[in-house]
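Everything below concerns the one structure shown next.
The values are calculated or read from the model by the stated rules, or taken from the named source; none is laboratory data. This is a predicted model, so every value here is computed, not measured. Cβ sites come from the backbone with ideal geometry, for glycine too, and all protein chains shown count toward neighbours. Note: accessible area is taken over every heavy atom of the protein model, side chains too, but ligands, DNA and RNA are not part of it. Shrake-Rupley method; radii C 1.70, N 1.55, O 1.52, S 1.80 Å.
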Amino acid sequence: TALAFFLAAALAAAAAASGACAAGRGRACAAASRAQDHALLQTSVGDRKSLAADQCDVSESARHDCGHFGITRQACVQRGCCWMLHKEAGTQHPAPVCFHASLPAAGAAEAPPCSSTAEGEQCFTAVRWAMTYGIVQHPEWYPDWLGVSSSVQDFQAHFHQLGREGCGAPCESCHTVSPDELCHSVVEWAKYNGIRAYASLFPGLTVGSTLEEFQHAVRGNNKIAFVKDPPILGDGDKCQAYMALKGCDWTAERSCPGQQPTGTDGAARDDGSVGYECCCRRSMWKPICPEPCNLCRTAEPGDRCFADVQWAMQVGVLQYPEWYPNLTANSSTKEFQAQLQQMRQPCPTPCGMCSTAEQGSRCYGGGGGGLGDGIR
């Protein structure tokens, strides 16, 4: 399409401009031109399109799940998905359902499966430009939950929510949980209590790790949620014990209805087992937490950020010390990475940096005791 051709040309122009200012690694480079910026702004921002009334009229057998276990209605709708409550036959547990809408076309009966954009698609071209140049040169164009460390799926979700560039719904994108979501209480327990009682469940983390790092850990291991005290399902719930001991890893081989991707051995059969009831009928195969937004990541060799950090430490801070306040040639790589991130360079926030507790946080409150109480 013409737009795809334009974006391809914009990528080439931006790449040329990037090469021209390569000598200034430590400083942000100007955009190629105002006209190009304005056109690319139109592809990067805009109002989210509303779902048509019949787009959520999808039979249960044709639905594709959207979101994590315990997702709220607000978070579901913000993803551009449909929300509908129903009660599965044979169980007393109402199951909230968040699923992808059908295509807004006449006669569309089924929801399209989620998918990741691929090279050659208009969506991929727009996502690639946004990740490589847009978010670096114009972070103000994008919502706060997008950053230089955001994934292809996160940028795809952004364009999908805006109804732009032909981007379909990704199978997963990042989400910052709110206090009323189950994930939030699990993550807080994990950071302030769980890591002390079950350190083996949190490899690589410490009590000083960020909430986003703990959310990422919970996202990858549902068992953390089900060993939590108090139990998230209640002591008398048979799925509480099942999930804490066994879990739903088996669904990677035999998937539940609506689960993507499909299991390597096909779909699971309703055999009346506790495992099928918990994992499939009650949708506990879903991660308790979504992937967090703006997750910290320490630069590694091969990253553009790593090369920029090395240049800043070996050249930049010596020739242009005013660019790096409070840093010296002896400062750590993480400190330089954090500085470059503040300078809007293509660097994510490094992991393991110290931080000051903010008012309103559990740490700031000291678990209910004031500063005076803590030192008496």
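Values for this structure:
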read-out	value
Matching residues, the stretch 314-354, being part of a loop (DSSP other than H, G, I, E, B) and within 25 Å of the chain's Cα centre (by Cα)	343, 344, 345, 346, 347, 348, 349, 350, 351, 352, 353, 354
Check on residue 140, in a helix (DSSP H, G or I), at pLDDT below 85 and out of contact with any Gly (no Cβ under 8 Å at 6 or more places or on another chain)	yes
Count of the stretch 222-256 residues which are in a loop (DSSP other than H, G, I, E, B) and open to solvent by 90 Å² or more (accessible area, probe 1.4 Å)	5
For residue 268: the one exception among (1) surrounded by 15 or more Cβ atoms within 10 Å (Cβ to Cβ); (2) closer than 27 Å to residue 198 by Cβ	(2)
Subset of the stretch 198-221 (residues that are open to solvent by less than 70 Å² (accessible area, probe 1.4 Å), of a type outside the set (A, V, I, L, M) and outside any helix (DSSP H, G or I))	202, 208, 209, 210, 221
Enumeration of residues in the stretch 143-180 that are assigned to a loop (DSSP other than H, G, I, E, B), over 15 Å from the mean Cα position of the chain (by Cα) and surrounded by fewer than 22 Cβ atoms within 10 Å (Cβ to Cβ)	163, 164, 166, 168, 179, 180
For residue 194: the one exception among (1) at pLDDT 90 or above; (2) in contact with a Leu (Cβ under 8 Å, 6 or more places away or on another chain); (3) closer than 17 Å to residue 286 by Cα	(3)
Whichever residue in the stretch 86-134 is β-branched (Val, Ile, Thr) and at pLDDT 85 or above and, among such residues, is least open to solvent (accessible area, probe 1.4 Å)	127
Every pair of residues 6+ apart whose Cβ atoms lie under 9 Å, when the first sits in the stretch 300-326 and is over 16 Å from residue 345 (Cα atoms) while the second is open to solvent by 50 Å² or more (accessible area, probe 1.4 Å) and among the β-branched types (Val, Ile, Thr)	321/328
Of all residues in the stretch 47-65 being assigned to a loop (DSSP other than H, G, I, E, B) and of a type in the set (A, V, I, L, M), the one that is modelled with the highest pLDDT	58
Any hit, the stretch 181-197, residues being part of a loop (DSSP other than H, G, I, E, B), small (Gly, Ala, Ser) and surrounded by fewer than 17 Cβ atoms within 10 Å (Cβ to Cβ)	no
Enumeration of residues in the stretch 260-313 that are part of a helix (DSSP H, G or I) and out of contact with any Phe, Trp or Tyr (no Cβ under 8 Å at 6 or more places or on another chain)	276, 277, 280, 281, 304, 305, 306, 307, 308, 310, 311
